[in-house]
1. Name every residue in region 50-74 that is in contact with a strand residue (DSSP E or B) (Cβ under 6 Å, 6 or more places away or on another chain) and under 25 Å from residue 248 (Cα atoms), in order of residue number.
2. Quick one: in region 268-296, of everything that is within 16 Å of the ligand (Cβ to nearest atom) and assigned to a loop (DSSP other than H, G, I, E, B), which residue is nearest to residue 15 (Cα to Cα)?
3. Given the criterion more than 20 Å from the chain's Cα centre (by Cα), away from the ligand (no atom under 16 Å from the Cβ), more than 25 Å from residue 309 (Cβ to Cβ) and modelled with pLDDT under 90, identify the matching residue among 239, 234.
4. Of all residues in region 297-330 being more than 15 Å from the ligand (Cβ to nearest atom), touching a residue at least 12 places away in the same chain (Cβ under 8 Å) and farther than 21 Å from residue 267 by Cβ, which is surrounded by the fewest Cβ atoms within 10 Å (Cβ to Cβ)?
5. Under the condition of being in a loop (DSSP other than H, G, I, E, B) and surrounded by fewer than 19 Cβ atoms within 10 Å (Cβ to Cβ), which residue from region 331-350 is modelled with the highest pLDDT?
6. Please state which of the following conditions residue 75 fails to meet, knowing it meets all the rest: (1) free of Cβ contacts under 8 Å to residues at least 60 places away in the same chain; (2) farther than 18 Å from residue 153 by Cα; (3) touching a helix residue (DSSP H, G or I) at 6+ places or on another chain (Cβ under 9 Å).
7. Against the condition in contact with a strand residue (DSSP E or B) (Cβ under 6 Å, 6 or more places away or on another chain), under 30 Å from residue 260 (Cβ atoms), modelled with pLDDT of 90 or more and part of a helix (DSSP H, G or I), how does residue 77 come out, does it pass?
8. Going by the conditions given, is residue 67 surrounded by fewer than 22 Cβ atoms within 10 Å (Cβ to Cβ) and either in a helix (DSSP H, G or I) or at pLDDT below 95 (or both)?
Ligand SMILES: [Fe+2]
């Protein structure tokens, strides 16, 4: 095993989007995040806004750049918005020595984007370096242990939360990308060399696979980092992934957040006006008819249907999933919420086929 890290920990995930201020409001008031820090024109950065949001162990950085008459704004942010509108740009991993990890990663094949760079203010300093991920995304190696300020140089504290600070989302379960044909293995191999993750599960083309896609689940040995990749299984057959790539290009498609109680979280988020992806009633009928859930008190199919939750079962363990509709006007990048019950550690590969079958039944009945 390629042990570049002793332990994996996501420090923060940076989402770039146009006009992030209302998006910050939505994260705080609808999803229960707390606004921790911000960097903007008042903190001396013209044309640039960045907000750090926190829920449980999740640190989300929402960043934007905008034009001003006499100052040129951050080109990397503007160009990301021009190409992707809204999505994940950076996945930052906590490391002890940015220099050592970056050097080892690059020596094993990672594409460098940012050489180790120290930034400082009166509160101390941080060191960051970055390598390429997918087309224009990045994995950042980050050490903030010598920084006594709120987040990074250039950020000021600005605490804001709602519901008395009650949090519903606890950590990032996985980060999923939709990629071009033949890219899943390419990027899986790249990550194995660059950061030491390994493919722990995959779904390949075959009679059993009705999903129209190939999936690789890449995971760190301690399971603290999971990167899911999907690609179309053929250029001959139409597939949802290919449709998305044709319309939006490849890239990070969703962030999955973990919760301890998905039914309660779904109910609360609904009262806040959060919009969810719906699933057809034929899906729930397939679950009822399968008989797999009859003897289980923990799973009530009616409650799942009422709350638009889908379920995958492996032995006595379950994965409950719910999808929030895309977070921006561009219908590509979205959030998933998951609850793993009794230690379920799969990725709903069986359930994807059930959903596909339900979809076909809906089309047949239409
Ligand atoms: Fe997912």
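The values are calculated or read from the model by the stated rules, or taken from the named source; none is laboratory data. Since the model is a prediction, treat every value here as computed from it, not as a measurement. Heads up, the Cβs are rebuilt from the backbone with ideal geometry, glycines too, and the neighbour counts pull from every protein chain shown.
1. 50, 60, 61, 62, 63, 64, 65, 73, 74
2. Checked region 268-296; the qualifying residue nearest to residue 15 (Cα to Cα) is 277.
3. 234
4. 329
5. Filtering first and then ranking leaves 331.
6. Result: residue 75 fails condition (3) only.
7. Spelling it out, it is not the case that residue 77 is in contact with a strand residue (DSSP E or B) (Cβ under 6 Å, 6 or more places away or on another chain), under 30 Å from residue 260 (Cβ atoms), modelled with pLDDT of 90 or more and part of a helix (DSSP H, G or I).
8. yes
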